[in-house]
1. Mind checking which residues of segment B:183-195 are under 20 Å from the mean Cα position of the chain (by Cα), assigned to a helix (DSSP H, G or I) and farther than 20 Å from residue B:233 by Cα?
2. Cβ-Cβ below 9 Å, separation at least six or inter-chain, first residue in segment B:12-36 and among the basic types (Lys, Arg), second surrounded by 16 or more Cβ atoms within 10 Å (Cβ to Cβ) and part of a helix (DSSP H, G or I): which pairs?
3. Across segment B:118-164, what is the total count of residues that are under 16 Å from residue B:203 (Cα atoms) and among the hydroxyl-bearing types (Ser, Thr, Tyr)?
4. Quick one: is residue A:241 charged (D, E, K, R), farther than 29 Å from residue B:136 by Cβ, more than 10 Å from chain B (Cβ to nearest Cβ) and in a helix (DSSP H, G or I)?
5. Which residue is nearest to the other protein chains (Cβ to nearest Cβ), if the candidates are limited to segment A:126-142 and must be at pLDDT 90 or above and under 16 Å from residue B:298 (Cβ atoms)?
6. Of the numbered conditions (1) without any contact (Cβ under 8 Å) to a residue 60 or more places away in the chain; (2) more than 14 Å from every other protein chain (Cβ to nearest Cβ), residue B:164 satisfies every one except a single condition; which is it?
7. Mind listing whichever residues of segment A:204-234 are assigned to a helix (DSSP H, G or I) and charged (D, E, K, R)?
8. Out of (1) within 18 Å of residue B:162 (Cα to Cα); (2) among the β-branched types (Val, Ile, Thr); (3) out of contact with any Asp or Glu (no Cβ under 8 Å at 6 or more places or on another chain); (4) more than 10 Å from chain A (Cβ to nearest Cβ), what's the single condition that is false for residue B:256?
Protein chains: 2
Amino acid sequence: MGDLRVGIAGLGTVGGGVLKLLQTQAELLEQRCGRRIAVTAVSARDRAKNRGVDLKSVRWHADPASLAADPQVDAVVELIGGADGPAKALCEAAIARGKHVVTANKALLAAHGVALARAAEAKGVVLAFEAAVAGGIPIVKALREGLAGNTVLRVYGILNGTCNYILTTMREKKREFADVLAEAQKLGYAELDPATDVDGIDAAHKLALLAALAYGAEVDLVGVHVEGIRHVSAQDIEFADELGYRIKLVGQARMTAHGLEQRVTPAMVPLDSPIAHTEGVFNAVVVEGDFVGTTLFQGRGAARITSA
Amino acid sequence: MGDLRVGIAGLGTVGGGVLKLLQTQAELLEQRCGRRIAVTAVSARDRAKNRGVDLKSVRWHADPASLAADPQVDAVVELIGGADGPAKALCEAAIARGKHVVTANKALLAAHGVALARAAEAKGVVLAFEAAVAGGIPIVKALREGLAGNTVLRVYGILNGTCNYILTTMREKKREFADVLAEAQKLGYAELDPATDVDGIDAAHKLALLAALAYGAEVDLVGVHVEGIRHVSAQDIEFADELGYRIKLVGQARMTAHGLEQRVTPAMVPLDSPIAHTEGVFNAVVVEGDFVGTTLFQGRGAARITSA
């Protein structure tokens, strides 16, 4: 079989990391996949920027749409971000040309995932999005395949590393939200516009995807009740601690008599809960299945992809 | 596509549970797999025994080898147990006849996994064993597929639920090993002959499989250094607790300059370790990858498969 020829659109932290991984681990991946994965083309805004990776041997596209049209690309990796605009156009164009699409874009999938999945199915191509939920944790595969014999009773977890880092630091250092947020922004753990994270929107995107996978339902972002962590105080956390609880931003989905219930809210988590000890930038997902019982998946939310 | 016709050999706790799951979840599994999974035949010692499942519609084989020869069986599920004898004979016979094999038998795989895998490859059939390591946790799939882009730096975990139950109870109730073991035997958490569990042998089987998957090596059970938990005292656990540690039976594999190092030993685990809070009959596996960092998978070791 010939190489699987991959085009990567978006060379920010994640895209640059993926390119580095595919180059560094090329031999290992070929052994494990039985086929060579070759990055043949990339697209990004600034060609001159030094990303610490070798771009000499790959084709450059200033326009992501032209990446989708490149005859030397079999599969497109979309890491541009954003629910609409170039990311959406790229994925649609790639699918229309019969190319596989890999995306880590939860905002895009939460808004247009159903339409993209239908288009991919009609064209007989794969729409893959393992990294869109909880980064390095293979939870999409676990829900779709590993736990497929189970009816999911409940799926919940800590889905935003920025919020978890802020809440962990507030507890450990007895500091207030605004203070810790400002520091997290300096350290690069929080965006300069932190609303998507601290208001629970990013967690809601991921929860909507998890719920759709767990319950075989269409993604329903509008149906997620969302509350962020801006109003959690150091005193709330201290009182919770004294009572044997951690305050976490928890995303939870379960099927009720009235349909699918999805919510993202700060919650009191007892210390014997499987997610109570998920600290800092880590994410965790708990799946409760009728046969398997409680399973926990924990790992980095993968704000950064860097080789250890 | 026609049904996937499954024959189950061994109808003990696990085999009966699998049969129940395949019958109860038949519709869900058909939706998720795109193909109906039908149990067409079973084999067990005692036909008359009441297992709480319907056996009227399935063919009965007193001899497991005749299950492998049944023309109405496409895939054999081996749940007899034991490293040799009928379990091995069944798997060999099934593969020789070009049938897929699913087994949860870690003792068999640790001893003969390489030979069985070679035979399956030669015949173009699947040898699947997700449940052989850490029961309900889809760690085999995670290592083979989800984390395939990573070089594994270290894989370790709590691989035996009986030992973890005993150590957890010793700490919580400040009781001695022999006392807790006797109670665990009464409750059915430990076998009447507990050596395989408490001497670390079962954990060693699982570690050898994990290490082979993680490092692309042949299973090397003989290379595992094994020490069980018989000599851990209530006082050891209490002192460890005072210092901020848990005592756990930890299986660990890592690649060193001198080759693969595999060991199962009681270990002092600091409270901020991802496995420190894995308590009772739960299992946990931590994979440290060069790109993904630390990922934790936790769930029941699945001594029992029962619908919640």
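The values are calculated or read from the model by the stated rules, or taken from the named source; none is laboratory data. Owing to the predicted nature of the structure, the values given are computational and were not obtained by experimental measurement. As a convention, Cβ positions derive from the backbone with ideal geometry for all residues, glycine included, and neighbour counts pool all protein chains shown.
1. Scanning segment B:183-195 gives no hits.
2. B:32/A:145; B:35/B:29; B:36/B:29
3. First pass over segment B:118-164, keeping only residues under 16 Å from residue B:203 (Cα atoms): B:129-137, B:139-140, B:155-164.
Subset that is among the hydroxyl-bearing types (Ser, Thr, Tyr): B:156, B:162.
So the count comes out to 2.
4. yes
5. Only one residue tops the list, namely A:138.
6. Among (1) without any contact (Cβ under 8 Å) to a residue 60 or more places away in the chain; (2) more than 14 Å from every other protein chain (Cβ to nearest Cβ), the lone unmet condition for residue B:164 is (1).
7. A:206, the sole residue that qualifies.
8. It fails just one condition, (1).
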